[in-house]
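Taking it in order: structure first as C-alpha coordinates, then the write-up.
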Amino acid sequence: MIICVCRNLNSKKVTSAIEGGARTPACVMAQHGTRFNCGKCREHMSEMIEKVSRTDEASPAGMMAAE
Ligand code: FES
(Lines give C-alpha, C1' and ligand atoms only; values in the text may rest on other atoms or scores of the structure.)
Protein backbone atom coordinates (compact mmCIF):
# COMPACT_ATOMS: atom_id res chain seq x y z
CA MET A 1 0.00 0.00 0.00
CA ILE A 2 1.34 3.42 -0.92
CA ILE A 3 1.55 5.76 2.07
CA CYS A 4 3.23 8.72 0.37
CA VAL A 5 2.21 9.28 -3.22
CA CYS A 6 4.53 12.25 -3.71
CA ARG A 7 7.67 10.34 -2.67
CA ASN A 8 6.54 6.85 -3.61
CA LEU A 9 6.88 5.41 -0.10
CA ASN A 10 4.89 2.27 0.51
CA SER A 11 4.00 0.79 3.89
CA LYS A 12 7.02 -1.52 3.74
CA LYS A 13 9.41 1.43 3.36
CA VAL A 14 7.70 3.42 6.11
CA THR A 15 7.74 0.40 8.44
CA SER A 16 11.43 -0.24 7.80
CA ALA A 17 12.21 3.39 8.68
CA ILE A 18 10.21 3.10 11.90
CA GLU A 19 11.96 -0.15 12.76
CA GLY A 20 15.21 1.68 12.07
CA GLY A 21 14.38 4.22 14.78
CA ALA A 22 12.34 6.92 13.04
CA ARG A 23 9.91 8.36 15.58
CA THR A 24 8.55 11.28 13.61
CA PRO A 25 7.18 11.45 10.07
CA ALA A 26 10.04 13.79 9.15
CA CYS A 27 12.51 11.14 10.34
CA VAL A 28 10.78 8.57 8.15
CA MET A 29 11.29 10.89 5.20
CA ALA A 30 14.90 11.59 6.16
CA GLN A 31 15.68 7.87 6.38
CA HIS A 32 14.65 7.64 2.75
CA GLY A 33 16.61 10.72 1.81
CA THR A 34 13.61 12.89 1.10
CA ARG A 35 11.23 15.49 2.58
CA PHE A 36 7.50 16.13 2.60
CA ASN A 37 5.94 17.65 -0.46
CA CYS A 38 2.17 18.01 0.12
CA GLY A 39 2.25 16.50 3.62
CA LYS A 40 -0.97 14.51 3.22
CA CYS A 41 0.80 11.33 4.31
CA ARG A 42 2.02 12.83 7.57
CA GLU A 43 -1.02 11.78 9.61
CA HIS A 44 -0.91 8.19 8.38
CA MET A 45 2.80 7.99 9.20
CA SER A 46 2.13 9.36 12.69
CA GLU A 47 -0.47 6.66 13.24
CA MET A 48 2.00 3.99 12.13
CA ILE A 49 4.67 5.38 14.46
CA GLU A 50 2.19 5.52 17.33
CA LYS A 51 1.27 1.88 16.81
CA VAL A 52 4.90 0.84 17.01
CA SER A 53 5.46 3.01 20.09
CA ARG A 54 2.50 1.38 21.85
CA THR A 55 3.89 -2.04 20.96
CA ASP A 56 7.30 -1.02 22.33
CA GLU A 57 5.75 0.02 25.65
CA ALA A 58 3.94 -3.29 25.93
CA SER A 59 7.00 -5.38 25.10
CA PRO A 60 9.31 -6.70 27.84
CA ALA A 61 12.07 -4.36 26.65
CA GLY A 62 9.70 -1.40 26.87
CA MET A 63 8.61 -2.45 30.34
CA MET A 64 12.23 -2.69 31.45
CA ALA A 65 12.89 0.83 30.17
CA ALA A 66 9.95 2.12 32.23
CA GLU A 67 11.28 0.60 35.45
S1 FES B 1 1.76 12.24 -0.01
FE2 FES B 1 3.58 12.35 1.14
S3 FES B 1 4.33 14.35 0.74
FE4 FES B 1 2.56 14.17 -0.49
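Side notes on the structure shown:
- Whole-Hz ³J(HN,Hα) from phi, Karplus 6.51 cos²θ - 1.76 cosθ + 1.60, for region 39-52, glycine and proline x: x, 5, 7, 4, 5, 4, 4, 4, 5, 5, 5, 4, 4, 5
- Using the rule -39500 (n - 2.57) for each DSSP H run of four or more residues, divided by the residues of the chain, the 222 nm mean residue ellipticity is -17500 deg cm²/dmol.
- Rounded to the nearest 20 debye, dipole of the chain from Cβ charges on Lys, Arg, Asp, Glu: 440 debye
- Accessible-area composition of the chain, carbon plus sulfur, in percent [1.4 Å probe]: 53 percent
- On full extension, the segment bounded by T55 and N8 gains 14.3 nm, given 0.36 nm per residue less the C-alpha separation.
- Each Cα pair under 8 Å and six or more residues apart adds its separation to the average, and for the chain the resulting relative contact order is 29 percent.
- Inter-probe distance in nm under a simple model that places probes 7 Å from Cα toward Cβ, at N37 and T15: 2.4 nm
The values are calculated or read from the model by the stated rules, or taken from the named source; none is laboratory data. Since we're looking at a predicted model, the values are computed, not measured. Heads up, the Cβs are rebuilt from the backbone with ideal geometry, glycines too, and the neighbour counts pull from every protein chain shown. Surface accessibility is based on the protein's heavy atoms, side chains included, excluding ligands, DNA and RNA. Shrake-Rupley method; radii C 1.70, N 1.55, O 1.52, S 1.80 Å.
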